[in-house]
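Got a structure for you, written out below as structure tokens; questions coming shortly.
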Amino acid sequence: MRTKLIIMAVLVAVFGLVYLFYGLNFKFFEFSMSLRIPKFLAMLLVAYCIGAATLIFQTIIKNTIVTPCLLGMNSLYLLIHTAVMFFLGSASVFVLNKFASFMLDLVLMGSIATFLYSYLFRVTGHNVLYVLLTGTVMATLFSSLQNSMVRVMDPNEYDALLSSLVASFNNVNSDILGFAFIVAFVLSIVFYKDLKLLDAISLGKEMAINLGIDYDKVTKRLLLGVALFIAVATALVGPISFLGLIIANLSRQFFNTYRHSYLIAGSIFFGMIVLIVGQVIVERVFVLSVPISVFISIMGGGYFMYLLVVNRSRI
Amino acid sequence: MRSTAILATLLLVFSSISLFIGVIELDITNLFSKEGLEILFISRFPRLLAIILSGVALSVAGLIMQQLVQNNFVSPTTGGTISSAQLGILIALIFIPDSSIYGRAIFAFIVAMIGTWIYVGFIQAIKFKDSVMVALVGIMFGYVIGGITSYLAFRYGLVQTLSTWLTGSFSLIIKGRYEILYITLPLVVVAFLFANYFNIVGLGKEFSKNLGVPYSVVLFLGMSLAAMLTASVVVVVGAISYIGLIVPNLIKMFKGDNLKGTLVDTALFGALFVLVCDILGRLIMAPYELPIDLIAGVLGSLVFIALIFIKLKKGDKKVVAFVKGCGGFIKVKNEN
């Protein structure tokens, strides 16, 4: 398994180099790099956040065909972000200062999502299907609310908001890139201890409790971590719905193990490969005419259907 | 019958309210002037008719779909029908750029039907144990079709045009732009005539064979009917989510599963729901208006979440008790 990981790391490096240096005109070396490196770093970070978050999430809810985005975490983030602008106005420090705005988004996202989803899990008696269905409906609710706010909003404030809502890799929020790296790093350290418990948690609630794990507390903490990681990724590049589904399942198929250290690493590496290759295709073949999220939602949706057919005996 | 009468009265009341809401003041004094009549017949009446017809069409479509596959979570939104209809419109725009609304409608009909058939075939092939899964698959299926739609839109530079069909709104409805919705009336009548067949098919393949009902033909017909109803709304108004899901479920809670008994009520309540949402959308930030899709999205998803919780507690009885309790509460309040 270690060799598999090494192979993947090498692949990431190769694709990364291709992305960075392909068709480079050395006359404009510095200029090109100043464009490509932030994008590249953003891709790595997004793959890291979404890959880890989705895999952890799937283990917590014991279902491998879902992503946190199906629960409306993306649209919740967009709603929070819009609401901050809507209620505080574009002149407030939380809008003008990108770091403050980012931190406020993160705090709100973390607390609301944890509260909301742990409540959902409790009410439904950990019935995942109902949690999911409620979540998808909530996604509509959030985006309808957000859309309504956008329509009521002062056009000037909307302008200021728009640039941060429809980010993509071509328009990376590079001001917060470094900051996002720090946040992701701190989060990783904080949640590292809980991650080690994931192997035990995947055995099921009773088994985990027998093994001496405070199940409810750990899952709640992990859920908080998932929400925060999703928030970081969304803040950087905007919502990418199906990425997590693709990479987490690829990793599960490829490694075919229950050891989460390998699964998470695999998921992250797959995320990097998918994003880099996708971005190369978008830039070179389609000359930026189609955003990468569209590709990912078509591929991801198709892959989901495939997973359903393959797993149909277990559904 | 009493519920039908109540719903019809409410619909009438709200319809007359709706006629008097708008940027240009219209009241009894200037109603019969030349200008007043013009506004009434060019803008207000068409809008009202469009609202009622789309409410009827979407909720009846949802009811038929739910009855045919015996699953209360299926609807035009959660069955990929709306997104297929949007794809159809987009294809029409790409291949026949100067197509009339009728040309677009035909494309929307065809693609919506194909999409719905694929979805039904898919869920029948997999035979999910849990009814919720059926809805989730439908939502995912809608995402995939939506992805294809936005790919084509980006490719052919039609993203802005597309956004019209992504958010349903009645604000552009005037005389001459909604008449295609009349097609829903004969379709609803057909649905009513076939109601008993749909009931039987809903009971399963074996059952309907025993009763001599051609299962596949009726299923095929019913789904096509639902798809056409949906597509005609999407062509004129745009997407309105959740009506087809929530309205039939609410009516079923009170009136049971027999399609013939619920069809008229569902149609009336659907029209009422859309009408109320539209009035709200026009009043909240008058003189501007919020699109119906947003209001229906907020209201509809809240109602739907409530429905899920009720189903979780296995208590249709509880709903009745709750409603009665509210009634009692109101009475007590009045006496005070």
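Average partner chain C-beta neighbours within 10 Å, per residue of B:284-292?
Mean partner-chain Cβ count within 10 Å for B:284-292: 2.
Size of the dipole of the protein assembly as shown about the Cα centre, Lys and Arg at +1 and Asp and Glu at -1 on the beta carbon, nothing else charged, in debye to 20?
With only Lys, Arg, Asp and Glu charged at Cβ, the dipole is about 1800 debye.
Also, I was wondering about something else. Could you tell me which of A:275, A:303, A:249 has its Cα farthest along the dipole of region A:219-315 towards the positive end, charges placed at Cβ (Lys, Arg +1; Asp, Glu -1), taken about the Cα centre?
So the residue we want is A:249.
Mean separation of Cα pairs under 8 Å and 6+ residues apart, divided by the residue count of region A:179-305: what relative contact order is that in percent?
24
Filter the cross-link list B:127/B:205; B:34/B:175; B:209/B:255; B:127/B:209 down to pairs whose alpha-carbon distance in this structure exceeds 21 Å.
With Cα atoms farther than 21 Å apart: B:209/B:255.
Which whole number gives the average count of other chain Cβ atoms within 10 Å of the Cβ atoms across peptide B:300-308?
Rounded to a whole number, the mean comes out at 5.
Still on this model: Given only helices, namely DSSP H runs of n ≥ 4 each adding -39500 (n - 2.57), what is the per-residue ellipticity at 222 nm of the protein assembly as shown, to the nearest 500 deg cm²/dmol?
Here the helix-only value at 222 nm equals -25500 deg cm²/dmol.
Straight-line reach from residue A:205: which aspartates and glutamates have a Cα under 16 Å away, not including same-chain ones fewer than 8 places off?
A:194, A:214, A:216
To continue, here is another question. What relative contact order, as a whole-number percentage, does region B:35-132 give when Cα pairs under 8 Å and 6 or more residues apart are counted?
Relative contact order for region B:35-132 comes out at 23 percent.
Right, another one. So which trypsin sites (Lys or Arg not before Pro) in region A:212-315 are both in a DSSP loop and have at most 16 other Cβ atoms within 10 Å of their Cβ?
A:259
Further question: Give me a comma-separated list of calculated 3J(HN,Hα) values for region B:237-242, in order, Karplus coefficients 6.51, -1.76, 1.60 applied at θ = phi - 60°, integers in Hz, x for any Gly or Pro.
9, x, 7, 10, 7, 6
With charges set only on the Cβ (+1 for Lys and Arg, -1 for Asp and Glu), what does the dipole of region A:40-240 come to about its Cα centre, in debye to the nearest 20?
The calculation lands at about 440 debye.
Under a Cβ-only charge scheme (Lys and Arg +1, Asp and Glu -1), can you give me the dipole magnitude of chain B about the Cα centre, in debye to the nearest 20?
1040
Then there is this: Could you pull out every whole DSSP H run in chain B that spans at least 24 Å of Cα extent along its own axis and averages -0.5 or higher on the Kyte-Doolittle scale?
Span-like helices in chain B: B:2-19, B:45-69, B:101-126, B:131-155, B:215-236, B:259-284, B:292-312, B:316-335.
Which helices of chain A meet both criteria: a Cα extent of 30 Å or more along the helical axis and a mean Kyte-Doolittle score no lower than 0.5, with helices taken as whole DSSP H segments?
Qualifying helices, which must be both long enough and hydrophobic enough, are A:29-60, A:98-123, A:128-152, A:215-237, A:260-284.
Here is a further query. For region A:40-240, rounded, prolate or oblate, judged on the Cα gyration tensor with a ≥ b ≥ c (square roots of eigenvalues), a/c < 1.5 rounded, else prolate if a/b > b/c?
It comes out prolate by the Cα gyration axes.
Still on this structure, I have one more. Give the calculated FRET efficiency between residue B:254 and residue A:256 to the nearest 0.05, with a Förster radius of 45 Å applied to their Cβ-Cβ distance.
Efficiency for this residue pair is about 0.30.
Sticking with this one: Residue by residue through B:141-154, how many Cβ atoms from other chains fall within 10 Å of the Cβ on average?
Counting Cβ atoms of other protein chains within 10 Å of each residue's Cβ and averaging gives 5.
Sticking with this structure for a sec: Suppose each label sits 7 Å from its Cα in the direction of the beta carbon; what would the residue A:207-residue A:115 distance come out to in nanometres?
According to this spin-label approximation, the distance is 3.5 nm.
Further, regarding this structure: In what sequence, highest mean first, do A:142-148, A:224-230, A:303-309 appear when ranked by Cβ atoms within 10 angstrom?
Going by the mean number of other Cβ atoms within 10 Å, highest first, we get A:224-230, A:142-148, A:303-309.
Simple spin-label model, 7 Å along Cα-to-Cβ: residue B:10 to residue B:306 in nm?
Reported label-point gap for residue B:10 and residue B:306 is 1.1 nm.
Let me check against my output: what whole-number percent is the relative contact order of region A:40-240, with C-alpha pairs under 8 Å and at least 6 apart?
Relative contact order for region A:40-240 comes out at 40 percent.
Bear in mind these aren't lab numbers, they're just calculated from the coordinates by the rules spelled out. Quick caveat, the model's predicted, so the values are computed rather than measured. Don't worry about glycine lacking a Cβ; one is built from the backbone with ideal geometry, like all the others, and counts go over all protein chains shown.
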